[in-house]
Amino acid sequence: MIAVGNTSISSRLIRQAGTGGLILILNLPFVSASSAWRPFSPASPWNQPIRAQAPADPDSAKLIEDLASRGPFQVNIKDWSIPVYYVDADQTPRWNVGDSRTGVYGAGFAFPRRIPIPDGAVASPPHIGESDRHLCIVDVKRQLEWGMWDARQDETGRWITGLGAVTDLSGSGVAPPWYESPREFDSHRARASGFPLIAGLIRVEEIRAGRIEHALVFAYDHCRGELFVPPASTAQATKADTTNQRGIPMGGQIQLDPAWDVEKSDLSAAGKIIARALQEYGAFCGDYAGANVLYAENSPAAVEAWSDILRSDELKRVFTPEMIRKHFRVLPLGNLLPGQNLTVPPPYVTAFAIEGEIAPAQIDQLTRTITIFPARTPENSRVKFDCTAYPRNTRAALDGHPVSVTEPVINRTLTSFLRLTAPDGSTDDWTVRPSVRLESKR
């Protein structure tokens, strides 16, 4: 037995099918009824309960209708999920993991590279010949995750990955947006959203403890592409059935109505634990999937444990399209940020604020418009503003005049035109206008 912090992990030898050899499988942590381990800091978005009476996004009804049109919710367990192996990195074999795409790796995966992967570990197994081949290695004591996408062993036995990254599990679990990282891939993780693999995962030890104390992660085929919101750091890659005009983006959060009666539902005991987490913490959109899915860990030991606790299809009977329409909502998304794959080229405005604003500016990456919400006062109509643009060192001109670096000002009562010029000479024109909606209400 291996002691990892306050958690103990047992191991066992099992015979590998077809080889006659023995492999080591790390079992799930043994926990008391109220002590399931939870990654990330208490202040992390993953661990923050949704406040009472939190508002819904203005487009919540439309977004939920589209989500419901894709079918009921189910839980990915055996197929298309995340195997988690809990290790003591000091006692685990280290591998010089290679890249299947030269130079494509996330934070913590720079060479020389020695990644702890236990003997007998397997990436998420293929389903009908396909798989994301996710592999999640966690050292609870060190509070580290080594997360990999498209992980596999080549003919020599060497581990190879399409993208790997290390995440500090004592922190927020949130990477900076891709455009804020000096090296873009340092904001990428093994999921499309930039989420660590352990984030939002339903784990056996939590169900055994009787409570999930964090947000979950969900995915579906109509997730919005090319745009994202925090806590995501990257956007969904372009697919045939994704678009930048429809759907919940990476990082968008849904919530099950807290007033929905969990106890009177037909859910199993495990299903009720999941439902309560969806009420208290919600779920963040974290990936693309062919159906409406949540994710449960699926190492061989976890799959074996789930057989007596949770079935992949058991949420379907309760979380039907009609139930989703009636009892789920999308929390406020805020401004949709430009993804690394946005078809509209940079330069981009990533943040905009004016002095004395009564609400944050609304930035539309597709129409190139910025709506500001100035206070209505008899004071000078010209106010200071702050604008952040990508790429770095992009120059700005407002109504044909270069914007002062030290004293940028804008007329808060009139529509203005902002021209951005990137270091490579590419330009983009934005419209900045005061809100008509708020002005008409005063």
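For segment 278-313, what are the residues that are small (Gly, Ala, Ser) and not in a loop (DSSP other than H, G, I, E, B)?
Correct list: Ala283, Gly286, Ala296, Ala301, Ala302, Ala305.
Rundown of residues vs (1) surrounded by fewer than 24 Cβ atoms within 10 Å (Cβ to Cβ); (2) more than 10 Å from the chain's Cα centre (by Cα); (3) in a loop (DSSP other than H, G, I, E, B); (4) outside the structural domain of Lys141 (by TED's automatic domain parsing), yes/no style:
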{"site": "Gly164", "(1), (2), (3), (4)": "no, yes, no, no"}
{"site": "Gly173", "(1), (2), (3), (4)": "no, no, yes, no"}
{"site": "Tyr179", "(1), (2), (3), (4)": "yes, yes, no, no"}
{"site": "Pro196", "(1), (2), (3), (4)": "no, no, yes, no"}
{"site": "Glu205", "(1), (2), (3), (4)": "yes, yes, no, no"}
{"site": "His214", "(1), (2), (3), (4)": "no, yes, yes, no"}
{"site": "Arg246", "(1), (2), (3), (4)": "yes, yes, yes, no"}
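Taking the options Gly334, Gly339, name whichever one is farther than 23 Å from Val262 by Cα, in contact with a Gly (Cβ under 9 Å, 6 or more places away or on another chain) and in contact (Cβ under 8 Å) with a residue 60 or more places away in the chain.
One residue alone meets the criteria, Gly339.
Within segment 249-286, take every residue that is in contact with a strand residue (DSSP E or B) (Cβ under 9 Å, 6 or more places away or on another chain) and over 26 Å from His222 (Cα atoms) and give me the one that is surrounded by the fewest Cβ atoms within 10 Å (Cβ to Cβ).
Val262
Can you tell me which of (1) farther than 24 Å from Gln255 by Cα; (2) in a loop (DSSP other than H, G, I, E, B); (3) in contact with a Pro (Cβ under 9 Å, 6 or more places away or on another chain) is the one Asn335 doesn't meet?
(1) is the only condition that Asn335 fails.
Quickly run through segment 328-365 and pick out the residues that are under 26 Å from Glu65 (Cβ atoms) and of a type in the set (D, E, K, R).
Of everything in segment 328-365, those that are under 26 Å from Glu65 (Cβ atoms) and of a type in the set (D, E, K, R) turn out to be Arg329, Asp364.
Yes or no, residue by residue, for (1) surrounded by 14 or more Cβ atoms within 10 Å (Cβ to Cβ); (2) touching a Cys at 6+ places or on another chain (Cβ under 9 Å); (3) within 24 Å of Asp428 (Cβ to Cβ); (4) not aliphatic (A, V, I, L, M):
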site	(1), (2), (3), (4)
Met323	yes, no, no, no
Gly339	yes, no, yes, yes
Leu342	yes, no, yes, no
Pro347	yes, no, yes, yes
Phe352	yes, yes, yes, yes
Thr369	yes, no, yes, yes
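Take segment 287-317 and flag every residue that is surrounded by fewer than 21 Cβ atoms within 10 Å (Cβ to Cβ) and in contact with a helix residue (DSSP H, G or I) (Cβ under 7 Å, 6 or more places away or on another chain).
The answer is Ala305, Ile309, Glu314.
Check off (1) in the same structural domain as Ala422 (by TED's automatic domain parsing); (2) surrounded by 14 or more Cβ atoms within 10 Å (Cβ to Cβ); (3) not in a loop (DSSP other than H, G, I, E, B) for Ala359 and give me the number that stays unchecked.
(2)
In the list Gly106, Gly157, Gly120, which residue meets the criterion of being in a loop (DSSP other than H, G, I, E, B), touching a helix residue (DSSP H, G or I) at 6+ places or on another chain (Cβ under 8 Å) and in the same structural domain as Lys272 (by TED's automatic domain parsing)?
Gly106
I need a count of the residues in segment 156-204 that are over 20 Å from Ser299 (Cα atoms) and aromatic (Phe, Trp, Tyr).
3
Would you confirm, using the coordinates I've provided, whether Phe185 is aromatic (Phe, Trp, Tyr), outside any strand (DSSP E or B) and in contact with a Leu (Cβ under 8 Å, 6 or more places away or on another chain)?
Considered against the rule, which asks whether it is aromatic (Phe, Trp, Tyr), outside any strand (DSSP E or B) and in contact with a Leu (Cβ under 8 Å, 6 or more places away or on another chain), Phe185 comes out as yes.
Just checking, which of Gly120, Gly71, Gly106 is surrounded by 14 or more Cβ atoms within 10 Å (Cβ to Cβ) and within 20 Å of the chain's Cα centre (by Cα)?
That would be Gly106, the only listed residue that is surrounded by 14 or more Cβ atoms within 10 Å (Cβ to Cβ) and within 20 Å of the chain's Cα centre (by Cα).
Considering segment 159-182 alone, what residues qualify as being at pLDDT below 95 and among the charged types (D, E, K, R)?
Scanning segment 159-182 gives no hits.
Would you pick out the residues in segment 91-138 that are closer than 12 Å to Ile160 by Cα and small (Gly, Ala, Ser)?
Those that are closer than 12 Å to Ile160 by Cα and small (Gly, Ala, Ser): Gly98, Ser100, Ala123.
The values are calculated or read from the model by the stated rules, or taken from the named source; none is laboratory data. All figures in this text were calculated on a predicted structure; none of them were measured in a lab. Please note: Cβ atoms are built from the backbone with ideal geometry, for glycine as well, and neighbour counts cover all protein chains shown.
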